[in-house]
There are 2 protein chains.
Amino acid sequence: MKLASLKHGRDGRLVVVSRDLKHCVEVSDIARTMQAALDDWAQIEPRLREASDRLNAGQESRAQAFDPAQCAAPLPRAYQWVDGSAYLNHVELVRKARNAEMPPSFYTDPLMYQGGSDDLLGPRDAITIRDEAWGTDLEAEVAVITDDVAIGTQSADAQKHIKLVMLVNDVSLRGLIPNELAKGFGFVLSKPASAFSPVAVTPDELEGHWREGKLHLPLRTWINGKWFGEPNAGEEMTFSHADLIAHLANTRKLGAGSIVGSGTISNKDRSRGFCCIAEVRMIETIEQGKPVTPFLKHGDSVKIEMLDDKGQSIFGSIEQTVQLVS
Amino acid sequence: MKLASLKHGRDGRLVVVSRDLKHCVEVSDIARTMQAALDDWAQIEPRLREASDRLNAGQESRAQAFDPAQCAAPLPRAYQWVDGSAYLNHVELVRKARNAEMPPSFYTDPLMYQGGSDDLLGPRDAITIRDEAWGTDLEAEVAVITDDVAIGTQSADAQKHIKLVMLVNDVSLRGLIPNELAKGFGFVLSKPASAFSPVAVTPDELEGHWREGKLHLPLRTWINGKWFGEPNAGEEMTFSHADLIAHLANTRKLGAGSIVGSGTISNKDRSRGFCCIAEVRMIETIEQGKPVTPFLKHGDSVKIEMLDDKGQSIFGSIEQTVQLVS
């Protein structure tokens, strides 16, 4: 099942989207918003699936054309957005570029940060920045949405709390990160609003590619229309999405509608390209002594998408343009 | 005007509370929830004030007894909870206890962390911990709730976005903080659910004590019924609540209902006592070589309250007991 939120007020209007992303149907009689559906998922999911089955069978008379440009984020605002850094190749490169050692604990104790969730961008919303010198970067990732997760939930049980999967561009202001990292209090200024794919899908839509809490497909990125990367999101993920949820649940419960991100997808095989500019700049620094690829500037565009075995877009694409404001 | 959310479903039921905290009235005809009121504050606030005036004049026939034990947090879940560390005496002591220098930038660049806001505790809810060895501590603070704040908003303009003020116990697991600080990604495990005062009040309720975005009154704390401290929340606040909001707005807008905390209240005058156990332990370490005061254990209780000039409770009290769960 595929779900989206059409732009409407602060919380959007929930729609069920057809598997081929061509049609959708409003389901306000079942749940007005994505959050309302997640708040009561066990009761509401079966009814949404009935609507989804009718839509995919071409039996839904109220079907309308689906336009990703009309989409808000699946959750236009959320009660929780926590992002991991589960691809240790990315973390290794970051540290290598600044001649820092990788602590052994990083292989057992996930890096995660709490993000702002009051403003989650739709797939076509601009990346709004106030200063190009801040070094705007994309971070292409996979994120999941949970239902209620009890305190102390272990990884083996966490997987069943993953109700939806989507893509995210965790926009990062690289120039502001070193100061915030040094303060130790996490990313408050350096991680402005993240953008999400047009649709969020139930794990069963991912067929055999969703295994052990990891999504085993390449995540494709383009910058200004030019291929930038397609690393596989499953192969080198050190901590699964279930592991990340269990890490959080160590000391607290998670409320329904919590969004948990994977961190920038990254593979050791450099021919697969990248999911963030920082990584290619780190490799340039290691190999050539200095970075060459520029960060994003006003008017630059990014595209993030994941295809299924037939080459069809699973989540729709995130397509954003950078906009400099005063 | 004083507002509260009675426990009801995930988001509570909004009530207007009398100035003396003795009565309240349901206002579902105006706004069902606190978030709904904040989403449309300019329209809704005048109507809530009419209900408040009727209640305080004893002219509200639907008035009922107000019981803080029936309260959820004013916002039982929120789209944003960010906490500052605006009392540099606290930060200086933390660093002195571990022989670390205070960077000069700390006087101009606020320390802030993004907290989890999917689970905000009511004033009588238990502090649930899974391990006493984690070093459970209170942090008594003042927090504000904003309406929508545009990106780039300066401190002088930020103050008018402060719609409500309340107290918070930013529960901290001290034993888990050093590892998370070293990782640089902020507090994910070491800051479990925070608890809030029964009522949130508009700044005008604070009379002359709300000046320049600071609340100039002592914040009183007790541990197991024993006086623990009453440092003044205004005097030594390096960054005002407006400064903290402006800091966040540097790179992003803030959505209506964002909660921004002050950090642990702290004064140089030690006779005023403390708002967290860590601070007294730091002083013990500096003066006696080792900490003596224990962190909170199963069954321990904390109380946090602020009184007006007549000795009446402004926000009602936070009164929590620590509960160890398996």
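The values are calculated or read from the model by the stated rules, or taken from the named source; none is laboratory data. This one's a predicted model, so the numbers in the text were calculated from it and none came from an experiment. Using ideal geometry, Cβ is built from the backbone for each residue, glycine included, and neighbour counts are taken over all protein chains shown.
Structure notes:
Results for (1) within 14 Å of chain A (Cβ to nearest Cβ); (2) not in a loop (DSSP other than H, G, I, E, B), shown as yes or no for each residue.
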{"site": "B:Phe228", "(1), (2)": "no, yes"}
{"site": "B:Gly234", "(1), (2)": "no, no"}
{"site": "B:Thr238", "(1), (2)": "no, no"}
{"site": "B:Ala242", "(1), (2)": "no, yes"}
{"site": "B:Ala246", "(1), (2)": "yes, yes"}
{"site": "B:Arg252", "(1), (2)": "yes, no"}
{"site": "B:Ala256", "(1), (2)": "yes, no"}
{"site": "B:Val260", "(1), (2)": "yes, yes"}
{"site": "B:Gly263", "(1), (2)": "yes, no"}
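- Scanning the range A:66-84 for residues that are surrounded by fewer than 19 Cβ atoms within 10 Å (Cβ to Cβ) and hydrophobic (A, V, I, L, M, F, W, C) turns up just one, A:Ala69.
- Test: residue in the range B:201-219 that is within 14 Å of another protein chain (Cβ to nearest Cβ), within 18 Å of B:Ala86 (Cβ to Cβ), of a type outside the set (A, V, I, L, M) and in a loop (DSSP other than H, G, I, E, B): no
- Condition met for B:Ile283 (closer than 20 Å to B:Asn224 by Cβ and buried (at least 23 other Cβ atoms within 10 Å of the Cβ)): no
- Candidate set from the range B:158-189 (those that are buried (at least 21 other Cβ atoms within 10 Å of the Cβ) and among the small types (Gly, Ala, Ser)); member that is nearest to the chain's Cα centre (by Cα): B:Ser172
- Filtered by the rule that a residue be within 14 Å of another protein chain (Cβ to nearest Cβ) and assigned to a loop (DSSP other than H, G, I, E, B), the range B:296-326 gives B:Val325, B:Ser326.
- Members of the range A:99-155 that are modelled with pLDDT under 95 and under 30 Å from A:His8 (Cα atoms): none
- B:Ser5 being over 26 Å from B:Pro231 (Cα atoms), crowded, with 21+ Cβ neighbours inside 10 Å and small (Gly, Ala, Ser): yes
- Among the residues of the range A:256-276, those that are surrounded by fewer than 24 Cβ atoms within 10 Å (Cβ to Cβ) and at negative phi comprise A:Ala256, A:Asn267, A:Lys268, A:Asp269, A:Arg270, A:Ser271, A:Arg272.
- Single condition B:Gly225 does not satisfy, out of (1) farther than 27 Å from B:Gly116 by Cα; (2) out of contact with any Ser or Thr (no Cβ under 8 Å at 6 or more places or on another chain): (2)
- From A:Pro198, A:Pro192, residue being under 13 Å from the mean Cα position of the chain (by Cα) and not in a helix (DSSP H, G or I): A:Pro198
- Subset of the range A:43-65 that is touching a residue at least 40 places away in the same chain (Cβ under 8 Å) and of a type outside the set (Asp, Glu) - its residue that is surrounded by the most Cβ atoms within 10 Å (Cβ to Cβ): A:Ser52
- Flag for B:Ala31 being under 30 Å from A:Ser258 (Cβ atoms), surrounded by 21 or more Cβ atoms within 10 Å (Cβ to Cβ) and touching a residue at least 24 places away in the same chain (Cβ under 8 Å): no
- Odd one out for A:Lys290, checked against (1) surrounded by fewer than 24 Cβ atoms within 10 Å (Cβ to Cβ); (2) part of a strand (DSSP E or B): (2)
- For the range B:290-305, the tally of residues that are without any contact (Cβ under 8 Å) to a residue 24 or more places away in the chain and either of a type in the set (Phe, Trp, Tyr) or in contact with an Asp or Glu (Cβ under 6 Å, 6 or more places away or on another chain) (or both) stands at 2.
- Qualifying strands (runs of 3 or more DSSP E) (wholly inside the range A:107-189; at least 3 residues being within 13 Å of another protein chain (Cβ to nearest Cβ) and touching a residue at least 24 places away in the same chain (Cβ under 8 Å)): A:112-115, A:127-129
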